[in-house]
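Below is one structure, written out as structure tokens; the observations come after it.
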Amino acid sequence: MAVFVSDAALSPGIRRTGLDAMAAAEHHRQRQRDMPALQAGGALSIRDLDEGVKRRLQSRAASHSRSMEAEARAILTEAVREPAGSAGLFTAVLDRFGALGGVDLDLPARAEPARAADFSE
């Protein structure tokens, strides 16, 4: 029995013959059967992508140790994520400047009790 496996179905640069080719062909068929289970989401094709954008995406993917597809998925997921509820101005300022530390002020004791503001005029 002769089995032919196209080079496209194998890893780049590897040609197989005989039993090794049969095992590779079975592995390829199994991957094709499992493909719908692996792709739970939809597919997206982007045509006419600028070469500069592609290079930057490749560079960004490499810096995160991901494939270009995984990097694009992460970028899109982050871009459409629902914004978190605002924590308020105090929390935002504390998050931004809290690491710098605070200042302890020595406040003098009041000689008179505090009085209410007078807005009558």
**Message:** If I stretch the segment between residue 60 and residue 43 completely, what's the gain in nm (0.36 nm per residue apart, minus their alpha carbon distance), one decimal?
**Reply:** 4.0 nm
**Prompt:** Residue by residue, what Karplus-based ³J(HN,Hα) values in Hz, rounded to whole numbers, does the range 88-101 have, using 6.51, -1.76 and 1.60 with θ = phi - 60° and x for Gly and Pro?
**Reply:** x, 5, 4, 5, 4, 5, 5, 4, 6, 10, x, 5, 6, x
**Complete:** Pseudo-spin-label distance residue 110 to residue 29, built 7 Å along Cα→Cβ, given in nm, is 8.8 nm
**Estimated distance in nm for a label pair at residue 53 and residue 117, the labels positioned 7 Å out from Cα along Cα-to-Cβ** = 5.2 nm
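Here, each number is a calculation from the coordinates, and none is a lab measurement. Remember, it's a predicted structure, so these values are computed and weren't measured experimentally. When we count neighbours, we look across all protein chains shown, and the Cβ atoms used for this are built from the backbone with ideal geometry, even at glycine.
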